Amino acid sequence: MTDYGCVPNLLLLGQIVRDARKQEGLTQQQLADKIGADRTWINRLEKGLLMNPGMNRLFDVFETLHLAMFLRRDDAAGIPAANMPAADPAAPRPLLQNLTYEEARAAILAAKASAGEVGEEGAK
């Protein structure tokens, strides 16, 4: 299994998806059909053009392409990450480390709320 480490941007995520899709021998259309999307969505994902691809659909892509995703808690939270090498201060930092689903959801909703994207109920 290839470890891509921290994926700092959507363009790199798209390149990883494209490489995995090709390794699986799938066209963009075949992948789209398997996850219930259209080919243009896959194309935009692979080019890093989707600003909000949606977690459920990304999970479908990852499952279909046999990719795994790991979340990590932010170093700034003051919680040491188990078995993690010391971070290079100049390197981009992952946003999340070792979060449960509930913690990740709460962090995402809090970030959206602070940006005025969602109300207190968690949906907009």
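Throughout, read-outs are computed from the coordinates displayed, never taken from laboratory work. Nothing here was measured: the structure is a model prediction, and the numbers come from that model. Cβ sites come from the backbone with ideal geometry, for glycine too, and all protein chains shown count toward neighbours.
Under the shape rule built on the C-alpha gyration tensor, where the axes satisfy a ≥ b ≥ c, segment 10-56 is oblate, since a/c reaches at least 1.5 while a/b does not exceed b/c. For a modelled paramagnetic label at residue 23, 7 Å from Cα along Cα-to-Cβ, the residues of segment 42-65 in reach, with backbone nitrogen under 18 Å, are 46-47, 59-65.
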